[in-house]
């Protein structure tokens with residue numbers, strides 16, 4: 001099991017939070033688009049936009065994790081750090 005701790009990443013978390021807020025705004029429009037019977041490609045484009053925003057937020061969070069947490073974790077628990085990376089990349 002991966003050990004979880006509370007911590008801050010600074011700028012990456014701020015960027016990720018902004019992007020996630022944008023994704024929440026975008027995703028909240030989708031049910032109404034469906035109810036309004038909007039053209040399917042418009043709805044699909046909105047969904048793709050949300051996916052792109054979430055991937056961007058994931059990248060920012062991962063960047064912060066690699067820049068700060070991982071370097072510390074490698075010093076203290078190399079095996080746990082490797083396990084954590086495998087889990088992040090869906091390899092375990």
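The numbers here are math on the coordinates, done by the rules we state, and not lab data. Because the structure is a prediction, the values reported are computed rather than measured. No Cβ is skipped: glycine too gets one built from the backbone with ideal geometry, and neighbour counts run over all protein chains shown.
From the coordinates of this entry, semi-axes √(5λ) of the Cα gyration tensor in Å is computed, and it appears in (1) 35, 14, 9; (2) 20, 15, 12; (3) 22, 14, 12 under the label (1). Taking every C-alpha pair closer than 8 Å and separated by at least 6 residues, the mean separation divided by the residue count of the chain gives a relative contact order of 38 percent.
You can think of it this way: the chain between residue 45 and residue 17 has 7.9 nm of extra reach, that is 0.36 nm per residue less the Cα-Cα gap.
The length gained on full extension between residue 82 and residue 27, counted as 0.36 nm times the residue separation minus their Cα-Cα distance, comes to 16.4 nm. Under 13 Å from a label point 7 Å along Cα→Cβ of residue 58: give me every residue in region 9-41 with its amide N that close. Once the point is set 7 Å along Cα→Cβ of residue 58, nothing inside region 9-41 turns out to lie under 13 Å by backbone N. Computed per residue of the chain from DSSP H runs no shorter than four, each worth -39500 (n - 2.57), the mean residue ellipticity at 222 nm is -25000 deg cm²/dmol.
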